[in-house]
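These notes concern the structure reproduced below.
The values are calculated or read from the model by the stated rules, or taken from the named source; none is laboratory data. Note that the structure is a prediction, hence the values are computed from the model and not measured. Neighbour counts are summed over all protein chains in view; Cβ atoms, including those assigned to glycine, are modelled from backbone coordinates with ideal geometry.
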């Protein structure tokens with residue numbers, strides 16, 4: 001803390017506008033002179049602000065990633081599920097699991113009936129495929145069975161080779177388009193086109209290689225094998241395999257609604273859904289899927305901000321306690337300042353500035369820690385993160401507000417000290 005002798009020159013307070021700068025300098029000197037106490041004092045603010053920055057960074061990053069991945073498919077796309085993966089109601093999920101599977105016959109019926117659809121496709125997937133080439137193998141590969149029309153709907157980009165076509169679909173051809181992970185792990189230095197690989201024990205000829213997409217949330221986006229959906233059904237069968245039907249409308253708005261109505265009408269008729277009952281399937285658009293995700297991420301954001309707020313309150317209480325100790329330690333100093341002409345408002349401002357400076361230092365350290373933590377996790381597991389300047393500014397403003405709120409009482413206590421009693425005070 002500042003010693004009494006530091007007041008012997010000129011008054012610390014008065015009308016000189018440099019008093020604010022002087023107060024900040026004193027606060028920083030106090031922090032530096034008591035490093036361990038300062039570190040413990042600021043720990044709550046640092047943790048709180050770091051948590052806020054990290055959460056905002058991750059939420060923004062994941063929202064941006066989801067939006068990019070979803071809207072890359074187009075806002076004119078709808079998907080029909082046996083039960084939507086975005087269902088948050090447990091009863092609806094359990095009811096959906098009892099429904100009949102969607103089949104290739106359902107897909108063909110939608111393909112024929114949907115006059116407002118530019119494209120209609122079907123897909124199936126297995127997340128635990130095993131791929132082998134010569135003596136090398138890779139597990140947990142995403143095996144996808146697709147119709148050729150899913151390539152433009154999914155916006156599949158190839159690095160080399162070709163996508164399978166309707167002839168491959170009709171003949172149940174044993175051909176595959178693979179991701180770059182399979183090439184790098186199983187075929188380094190080898191041209192994969194035309195080579196034979198084994199997918200869960202079945203032999204396939206590689207006809208295409210997808211462009212590298214990278215990874216996110218620690219999960220590679222390039223560990224996949226796409227095969228014709230008819231071949232997929234031939235290998236894996238129809239048991240517990242519900243087809244996902246995707247449609248790309250001629251446009252958004254009325255065209256998309258009309259396409260969805262046509263798909264819904266034909267599926268309700270095929271599945272004998274009663275006129276006064278609900279659908280025995282779920283239809284989602286990319287916009288609705290993104291909206292559900294945004295709602296979930298918003299709930300997570302609010303919960304984490306609440307936890308961080310508790311840490312900030314604890315940090316603020318610690319700052320208030322330390323400032324009260326500081327007032328006690330510097331009672332005689334305050335008395336000297338008042339005797340030299342300092343007003344109550346001057347003393348109040350001095351201690352308030354010190355409190356805010358302490359909180360701001362904690363906020364700045366919290367911002368640095370939060371950004372470092374977020375980017376470190378991104379580098380390790382690939383979780384998307386985006387730093388927003390408004391989040392950094394909000395972190396600093398919140399920390400300064402904590403300093404003001406919890407610094408008012410100690411500052412007022414110092415400002416109301418009786419100068420005579422203060423001058424007589426002995427530690």
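Go through the range 382-401 residue by residue and tally those that are surrounded by 16 or more Cβ atoms within 10 Å (Cβ to Cβ) and assigned to a helix (DSSP H, G or I).
Of all residues in the range 382-401, those surrounded by 16 or more Cβ atoms within 10 Å (Cβ to Cβ) come to 382-387, 391-392, 394-396, 398-400.
Now narrow it down to the ones that are assigned to a helix (DSSP H, G or I): 391-392, 394-396, 398-400.
Summing the residues that are surrounded by 16 or more Cβ atoms within 10 Å (Cβ to Cβ) and assigned to a helix (DSSP H, G or I) in the range 382-401 gives 8.
Given the structure, is residue 70 within 15 Å of the chain's Cα centre (by Cα), in a helix (DSSP H, G or I) and modelled with pLDDT of 80 or more? Even if it seems obvious, please write down each step before you answer.
Values: within 15 Å of the chain's Cα centre (by Cα): yes; in a helix (DSSP H, G or I): yes; modelled with pLDDT of 80 or more: no.
When the stated conditions are applied, residue 70 does not pass them.
Can you name every residue in the range 132-154 that is buried (at least 20 other Cβ atoms within 10 Å of the Cβ) and touching a helix residue (DSSP H, G or I) at 6+ places or on another chain (Cβ under 6 Å)?
If the condition is that a residue be buried (at least 20 other Cβ atoms within 10 Å of the Cβ) and touching a helix residue (DSSP H, G or I) at 6+ places or on another chain (Cβ under 6 Å), then 133, 145, 146, 147 are the ones that fit.
Hey, among the residues in the range 245-266 that are in contact with a helix residue (DSSP H, G or I) (Cβ under 6 Å, 6 or more places away or on another chain) and in a helix (DSSP H, G or I), which one's farthest from residue 82 (Cα to Cα)? Even if it seems obvious, please write down each step before you answer.
Looking only at the range 245-266, we keep the residues that are in contact with a helix residue (DSSP H, G or I) (Cβ under 6 Å, 6 or more places away or on another chain), and these are 245-249, 262-263, 266.
After this cut, where a residue has to be in a helix (DSSP H, G or I) as well, the list is 262-263, 266.
Numbers: 262: 17, 263: 14, 266: 15 Å.
Once the filter is applied, the top-ranked residue is 262.
Given the criteria more than 28 Å from the chain's Cα centre (by Cα) and at pLDDT 95 or above, does residue 177 qualify? Talk me through it step by step, then tell me what you get.
Working: more than 28 Å from the chain's Cα centre (by Cα): yes; at pLDDT 95 or above: yes.
In short, yes.
Which of the residues that make up the range 149-174 are out of contact with any strand residue (DSSP E or B) (no Cβ under 8 Å at 6 or more places or on another chain), modelled with pLDDT of 90 or more and in a loop (DSSP other than H, G, I, E, B)?
Those that are out of contact with any strand residue (DSSP E or B) (no Cβ under 8 Å at 6 or more places or on another chain), modelled with pLDDT of 90 or more and in a loop (DSSP other than H, G, I, E, B): 165, 171.
Is one or more of the residues making up the range 110-121 assigned to a strand (DSSP E or B), in the same structural domain as residue 166 (by TED's automatic domain parsing) and within 25 Å of residue 181 (Cβ to Cβ)? Outline the logic, then answer.
Step one: list which residues in the range 110-121 are assigned to a strand (DSSP E or B), which gives 117-121.
After this cut, where a residue has to be in the same structural domain as residue 166 (by TED's automatic domain parsing) as well, the list is 117-121.
From the residues that got through so far, the ones that are within 25 Å of residue 181 (Cβ to Cβ) too are 121.
Taking every residue of the range 110-121 in turn, at least one turns out to be assigned to a strand (DSSP E or B), in the same structural domain as residue 166 (by TED's automatic domain parsing) and within 25 Å of residue 181 (Cβ to Cβ).
Go through the range 206-216 residue by residue and tally those that are outside any strand (DSSP E or B) and at pLDDT below 90.
We begin by selecting, within the range 206-216, every residue outside any strand (DSSP E or B); these are 211-214.
Still in the list and also at pLDDT below 90: 212-214.
Of the residues in that region, 3 qualify.
May I ask you to list the residues in the range 185-205 that are over 36 Å from the mean Cα position of the chain (by Cα) and in a loop (DSSP other than H, G, I, E, B)?
If the condition is that a residue be over 36 Å from the mean Cα position of the chain (by Cα) and in a loop (DSSP other than H, G, I, E, B), then 189, 190, 191, 193, 194, 195, 201 are the ones that fit.
Can residue 203 be described as surrounded by fewer than 17 Cβ atoms within 10 Å (Cβ to Cβ), assigned by TED's automatic domain parsing to the domain that holds residue 123, at pLDDT 90 or above and farther than 30 Å from residue 117 by Cα?
Working: surrounded by fewer than 17 Cβ atoms within 10 Å (Cβ to Cβ): yes; assigned by TED's automatic domain parsing to the domain that holds residue 123: yes; at pLDDT 90 or above: yes; farther than 30 Å from residue 117 by Cα: yes.
Against the criterion (surrounded by fewer than 17 Cβ atoms within 10 Å (Cβ to Cβ), assigned by TED's automatic domain parsing to the domain that holds residue 123, at pLDDT 90 or above and farther than 30 Å from residue 117 by Cα), residue 203 qualifies.
What's the total number of residues in the range 258-281 that are loosely packed, with under 15 Cβ neighbours inside 10 Å, within 18 Å of residue 96 (Cβ to Cβ) and under 34 Å from the mean Cα position of the chain (by Cα)?
Qualifying residue count for the region: 2.
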